[in-house]
1. Can you name the condition, by its number, that residue 156 falls short on among (1) touching a Phe, Trp or Tyr at 6+ places or on another chain (Cβ under 7 Å); (2) part of a loop (DSSP other than H, G, I, E, B); (3) among the hydrophobic types (A, V, I, L, M, F, W, C)?
2. Just to be sure before I move on: is residue 219 farther than 26 Å from residue 120 by Cβ, over 18 Å from the mean Cα position of the chain (by Cα) and surrounded by 10 or more Cβ atoms within 10 Å (Cβ to Cβ) in the structure I sent?
3. Taking residue 148, is it loosely packed, with under 13 Cβ neighbours inside 10 Å, in contact (Cβ under 8 Å) with a residue 40 or more places away in the chain and either more than 15 Å from residue 93 (Cα to Cα) or not hydroxyl-bearing (Ser, Thr, Tyr) (or both)?
4. Restricting to region 209-253, name every residue that is β-branched (Val, Ile, Thr), at pLDDT 75 or above and in a loop (DSSP other than H, G, I, E, B).
5. For region 89-133, what are the residues that are over 12 Å from residue 162 (Cβ atoms) and touching a Lys or Arg at 6+ places or on another chain (Cβ under 7 Å)?
6. Just to be sure before I move on: is residue 203 under 23 Å from residue 146 (Cα atoms) and part of a helix (DSSP H, G or I) in the structure I sent?
7. Quick check, is residue 166 of a type in the set (Gly, Ala, Ser) and crowded, with 18+ Cβ neighbours inside 10 Å?
8. Is one or more of the residues making up region 123-137 assigned to a loop (DSSP other than H, G, I, E, B) and of a type in the set (Phe, Trp, Tyr)?
Amino acid sequence: MPSLGWEVPLGPLCTMNGESLCLHNSTPLPGALESSHPTPTSAFSLASAPQLGGVSPPQPLPPPSGMANRGPAYGLSREVQQKIEKQYDADLEQILIQWITTQCRKDVGRPQPGRENFQNWLKDGTVLCELINGLYPEGQAPVKKIQASTMAFKQMEQISQFLQAAERYGINTTDIFQTVDLWEGKNMACVQRTLMNLGGLAVARDDGLFSGDPIWFPKKSKENPRYFPDNQLQEGKYVIGLQMGTNRGASQA
């Protein structure tokens, strides 16, 4: 049978924009399939092909940001946050500022009035560390290295050092604020309560290291144990308490 002079493609055949394409090696067919556009002779690639049906390939996701930011609170969370903020005492703020600036052995500055200014003053932890060191004698400071820094983890680390030193000083764990309460400003009222308890404990110790006016803080109660002799404790075993009831007023019939 005579040959028609056509070259048979070596791979699967497909058409696009009037062109005959082969996924491996191909040559265009004559006639109606020929086009004025050049015919690719290399392997067909999906990356170099035009968009089909107006659908673009999926784009890569943008890289994550360096640090997540806390968004504003809404609904119930917003109501809870507003109640916490209402507990902040502006008068107590001025008392605490006066005590801190007096108690610290170094100049720590003085913030402008306001909750946000008070938070920014204490946020890096240096003022708090200077405060707790001022409650100890020279050479016995619990925080050995105090260094101002703009790095978040350094600031939170110094706040944690203050909290640990305050707990060793005698503050109850339930009276100590969390690091995020100060660093993020979530609960500045709790920060005030911790500092107020610290000042009250320093006054109650009466070791000569407190600087300031003792009336700034409420007086701490002191332990007052009672001791009874053994014979008095034995007599108490035969006393019928009113919790067991009484027969007074009952009919004697």
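The values are calculated or read from the model by the stated rules, or taken from the named source; none is laboratory data. Every value quoted in this text rests on a predicted model; they were computed, and no experiment measured them. We place every Cβ from the backbone using ideal geometry, glycine too, and count neighbours over all the protein chains shown.
1. (2)
2. Judged against the criteria, residue 219 is a match.
3. For residue 148, the condition - loosely packed, with under 13 Cβ neighbours inside 10 Å, in contact (Cβ under 8 Å) with a residue 40 or more places away in the chain and either more than 15 Å from residue 93 (Cα to Cα) or not hydroxyl-bearing (Ser, Thr, Tyr) (or both) - is not met.
4. Hit for region 209-253 is 239, nothing else.
5. Once the filter is applied, which keeps residues that are over 12 Å from residue 162 (Cβ atoms) and touching a Lys or Arg at 6+ places or on another chain (Cβ under 7 Å), region 89-133 yields 97, 101.
6. So residue 203 fails the test.
7. When the stated conditions are applied, residue 166 passes them.
8. So far as region 123-137 goes, yes, one or more of its residues are assigned to a loop (DSSP other than H, G, I, E, B) and of a type in the set (Phe, Trp, Tyr).
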